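The values are calculated or read from the model by the stated rules, or taken from the named source; none is laboratory data. Computed from a prediction, not measured in an experiment: that's the story for all the values here. Cβ coordinates were reconstructed from backbone atoms using ideal geometry, including for glycine residues, and neighbour counts include every protein chain displayed. These accessible areas exclude ligands, DNA and RNA; they are computed on the full protein's heavy atoms, side chains included. Shrake-Rupley method; radii C 1.70, N 1.55, O 1.52, S 1.80 Å.
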Amino acid sequence: MLGPPGAGKGTQAAMLHEKLEIPHISTGDLLREHVRRETPLGKQAKFFMDKGNLIPDQLILDMLFERISQTDCVKGYILDGFPRTLPQAESLQNRLKGQSRPIVLNLDLADATIIERLTKRVVCESCGTPYHLIYSPPKNGGVCDKCSAKLIQRSDDTETVILKRLKVYHDQTAPLIAYYTQLKILHTIDCKNSKETIFSEVVAHIPQSQK
Ligand code: AMP
């Protein structure tokens, strides 16, 4: 899942995980878990995340490759928030060694809509489910509909950090659109519609044999 922060990568990846029953791997969630557990990686990652910057490629690659080598990934997996730089994308292609052909879904959304979405986003501190305080509010105030844990605002969902994350996306991640277009594996989806409409487009790009 490629796309700017707030385009709906996490939401679509979670829906796809339910449908395909393959792991949903969010590098952001993995990093937040390291931060919460105060691991050495978490301590380093927090420094970058709080400023809206990317974590150095090698740290991300070590973490991600360790995760996708686990047995639950043999039938495939959904990557959410990875790759975010050209070296990450090239390392992933090298690792796949042409044996499997990724499907790259580019979730496209205008910056103004992203800012509006992210400043009003809250997420479950336990399962990560996102809510929008106006468009998709939780049913019971400040708790998650799925697991009843507390809803919080991510520390990087403040306007200053969102603007920085968008700049980082345009400078470092958007070039991947050209990279995957060249490999002929990119599908762009307009994300201003409802999550259900977007999901039907997402599913339409998955080959029948994998559904
Ligand atoms: P996300 O939850 O995907 O919005 O990611 C939150 C933050 O985690 C980002 O702003 C980065 O600081 C860091 N991060 C997540 N994925 C990556 C990645 N693939 N490469 C570098 N940094 C990442």
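In the set Leu109, Leu118, which member is open to solvent by less than 20 Å² (accessible area, probe 1.4 Å) and touching an Asp or Glu at 6+ places or on another chain (Cβ under 6 Å)?
Numbers: Leu109 fails: touching an Asp or Glu at 6+ places or on another chain (Cβ under 6 Å).
From the options Leu109, Leu118, the qualifying one is Leu118.
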Hey, any hits in the range 95-102 for a residue that's outside any helix (DSSP H, G or I), touching a residue at least 60 places away in the same chain (Cβ under 8 Å) and surrounded by 13 or more Cβ atoms within 10 Å (Cβ to Cβ)? yes
Find the residue count for the range 12-26, including only residues that are open to solvent by less than 30 Å² (accessible area, probe 1.4 Å) and either of a type in the set (Asp, Glu) or more than 15 Å from the chain's Cα centre (by Cα) (or both). 1
Please find, among Pro40, Pro56, the residue that is more than 13 Å from the chain's Cα centre (by Cα) and either among the aromatic types (Phe, Trp, Tyr) or away from the ligand (no atom under 12 Å from the Cβ) (or both). Pro40
Do we find a residue being within 19 Å of the chain's Cα centre (by Cα), at pLDDT 95 or above, within 12 Å of the ligand (Cβ to nearest atom) and surrounded by 14 or more Cβ atoms within 10 Å (Cβ to Cβ) anywhere in the range 125-140? no
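Test Asp29 against the stated conditions and say whether it is open to solvent by 60 Å² or more (accessible area, probe 1.4 Å), on the phi < 0 side of the Ramachandran plot and touching a residue at least 60 places away in the same chain (Cβ under 8 Å). Let's see the steps before the verdict.
Details: open to solvent by 60 Å² or more (accessible area, probe 1.4 Å): yes; on the phi < 0 side of the Ramachandran plot: yes; touching a residue at least 60 places away in the same chain (Cβ under 8 Å): yes.
Yes.
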Residue list for the range 127-154, restricted to those being assigned to a loop (DSSP other than H, G, I, E, B) and in contact (Cβ under 8 Å) with a residue 24 or more places away in the chain: Gly128, Thr129, Ala149, Gln153, Arg154
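With respect to Glu116, is the statement that it is at pLDDT below 95 and within 17 Å of the chain's Cα centre (by Cα) true? Let's see the steps before the verdict.
Numbers: at pLDDT below 95: yes; within 17 Å of the chain's Cα centre (by Cα): no.
Considered against the rule, which asks whether it is at pLDDT below 95 and within 17 Å of the chain's Cα centre (by Cα), Glu116 comes out as no.
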Can you confirm whether the range 71-86 contains a residue that is open to solvent by 70 Å² or more (accessible area, probe 1.4 Å), modelled with pLDDT of 95 or more and β-branched (Val, Ile, Thr)? yes
Which residues, taken from the range 156-198, are open to solvent by less than 70 Å² (accessible area, probe 1.4 Å), within 12 Å of the ligand (Cβ to nearest atom) and either in a helix (DSSP H, G or I) or basic (Lys, Arg) (or both)? Val161, Ile162, Arg165, Leu166, Val168, Tyr169, Thr173, Leu176
How many residues are in a helix (DSSP H, G or I) and either polar (S, T, N, Q) or open to solvent by less than 60 Å² (accessible area, probe 1.4 Å) (or both) when one looks only at the range 199-211? 7
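Only one of these is free of Cβ contacts under 8 Å to residues at least 24 places away in the same chain, within 23 Å of His205 (Cα to Cα) and either part of a helix (DSSP H, G or I) or within 15 Å of the ligand (Cβ to nearest atom) (or both): Glu18, Glu66. Name it.
Working: Glu66 fails: within 23 Å of His205 (Cα to Cα).
From the options Glu18, Glu66, the qualifying one is Glu18.
Based on what the data block shows, is Lys46 within 13 Å of the ligand (Cβ to nearest atom), in a helix (DSSP H, G or I) and either closer than 26 Å to His170 by Cα or touching a Gly at 6+ places or on another chain (Cβ under 6 Å) (or both)? Working first, answer last.
Details: within 13 Å of the ligand (Cβ to nearest atom): yes; in a helix (DSSP H, G or I): yes; either closer than 26 Å to His170 by Cα or touching a Gly at 6+ places or on another chain (Cβ under 6 Å) (or both): yes.
Considered against the rule, which asks whether it is within 13 Å of the ligand (Cβ to nearest atom), in a helix (DSSP H, G or I) and either closer than 26 Å to His170 by Cα or touching a Gly at 6+ places or on another chain (Cβ under 6 Å) (or both), Lys46 comes out as yes.
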